[in-house]
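Visitor: I am attaching a structure below and will ask some questions about it afterwards.
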Amino acid sequence: MKYLKSLVLLTLVSCSLTNNKADIERVGYQTSGVEQYFLPELPAWINHSSEGKCFKTNSFHYLDFPKIAVSYQLNYVQLIELQALYNDRLEEYFRSTTSRFLKPVEEASFFSNSMEQVRGGVRKFNIPESVREVDVVWLEGFIKEKKIADLLAMGKSEQFNERLPILFSSCLSKSALNQWIKENGLENVGFYLLSSEWLTPYAGDLKLKPGLQIEITKLISSKIKINIVTPSPKVSTSELVINQGEM
């Protein structure tokens, strides 16, 4: 399924570039100019996580990391921060309006404002310098194994008092993940959130990989010990990549 997703994505990229060029030549269509930095949106039928066994709550906008890196000299962490920030802004906008589409000028504004913040050093995901160890909890791992009760018990105990807790979701957006936390009475845990808009088809070397992932060691820090928390050792996800050579 991962290879199928990559094949679909590559096909969409190729077709999108060809069709856009034809449209521009035929009717002189005016665009914002920033659409060149976005990968084509995935069709609804494949917009899901095979490992999490869930469909994405949003049609996330995935960025073309290599192209942006060349144009703006951003590194991997800045690129995933940019993607997460842009999608977060997009979700907030659509929650406040009945419109389901962005005008080119709005798209350009969201992108440039997000870029300005990232290049200015703003980080959405910023772990305190004093932290030496974190627990990254994979939400869908507990959901698909029907072990949510175990996760809720962990959250209401003192287990997460010893290490900084991070809640990762393969499919939920930031807003949806926050809502899940509230509905399950886990607001007091103090989870840092890694929602689905942080995932990307690019690895840390900016090469395209099968499936979506995030190199979490680069995002958090090579100096911090990272524990992936799942219902059992048999449950794991390749969406969270820990580069042991950087630990």
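Visitor: Within the set of pairs 6+ apart or on separate chains, which have a first residue in the range 40-64 that is within 20 Å of Leu206 (Cα to Cα) and part of a loop (DSSP other than H, G, I, E, B), a second that is at pLDDT 90 or above and among the β-branched types (Val, Ile, Thr), and C-beta atoms under 9 Å apart?
Guide: Taking only residues 6 or more apart or on different chains, the pairs are Tyr62/Thr200.
Visitor: Now, a different point. If we keep just the residues of the range 191-231 that are assigned to a loop (DSSP other than H, G, I, E, B), modelled with pLDDT of 95 or more and among the polar types (S, T, N, Q), which is farthest from Lys67 (Cα to Cα)?
Guide: The extreme case among them is Thr230.
Visitor: Working carefully through the options Lys225, Lys207, find the one that is surrounded by fewer than 21 Cβ atoms within 10 Å (Cβ to Cβ) and more than 29 Å from Leu42 (Cα to Cα). Show your work before the answer.
Guide: Values: Lys207 fails: more than 29 Å from Leu42 (Cα to Cα).
Step by step, each of Lys225, Lys207 is checked, and only Lys225 is surrounded by fewer than 21 Cβ atoms within 10 Å (Cβ to Cβ) and more than 29 Å from Leu42 (Cα to Cα).
Visitor: Residues to consider are Phe65, Phe38, Phe60; find the one that is surrounded by 14 or more Cβ atoms within 10 Å (Cβ to Cβ), among the hydrophobic types (A, V, I, L, M, F, W, C) and farther than 21 Å from Lys218 by Cβ. Reasoning before the result, please.
Guide: On the way: Phe65 fails: farther than 21 Å from Lys218 by Cβ; Phe60 fails: farther than 21 Å from Lys218 by Cβ.
Exactly one of Phe65, Phe38, Phe60 is surrounded by 14 or more Cβ atoms within 10 Å (Cβ to Cβ), among the hydrophobic types (A, V, I, L, M, F, W, C) and farther than 21 Å from Lys218 by Cβ, namely Phe38.
Visitor: Tell me which of these Asn178 doesn't satisfy, since it passes every other one: (1) of a type outside the set (A, V, I, L, M); (2) in a loop (DSSP other than H, G, I, E, B); (3) within 28 Å of Leu74 (Cβ to Cβ).
Guide: Among (1) of a type outside the set (A, V, I, L, M); (2) in a loop (DSSP other than H, G, I, E, B); (3) within 28 Å of Leu74 (Cβ to Cβ), the lone unmet condition for Asn178 is (2).
Visitor: Of the residues Ile181, Ile214, which is without any contact (Cβ under 8 Å) to a residue 24 or more places away in the chain and either surrounded by 15 or more Cβ atoms within 10 Å (Cβ to Cβ) or in contact with a helix residue (DSSP H, G or I) (Cβ under 6 Å, 6 or more places away or on another chain) (or both)?
Guide: Details: Ile214 fails: without any contact (Cβ under 8 Å) to a residue 24 or more places away in the chain.
Checking each option against the conditions leaves just Ile181.
Residue-by-condition table, conditions (1) surrounded by fewer than 19 Cβ atoms within 10 Å (Cβ to Cβ); (2) at pLDDT below 95; (3) touching a Phe, Trp or Tyr at 6+ places or on another chain (Cβ under 9 Å); (4) under 30 Å from Phe65 (Cβ atoms):
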site	(1), (2), (3), (4)
Leu102	yes, yes, yes, yes
Ser112	yes, no, no, yes
Glu129	yes, yes, no, yes
Trp138	no, no, yes, yes
Ser169	no, no, yes, yes
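The values are calculated or read from the model by the stated rules, or taken from the named source; none is laboratory data. Only a predicted model underlies this, so the values are computations on that prediction, with no experimental measurement involved. Every residue, glycine among them, receives a Cβ derived from its backbone with ideal geometry; neighbour counts consider all protein chains shown.
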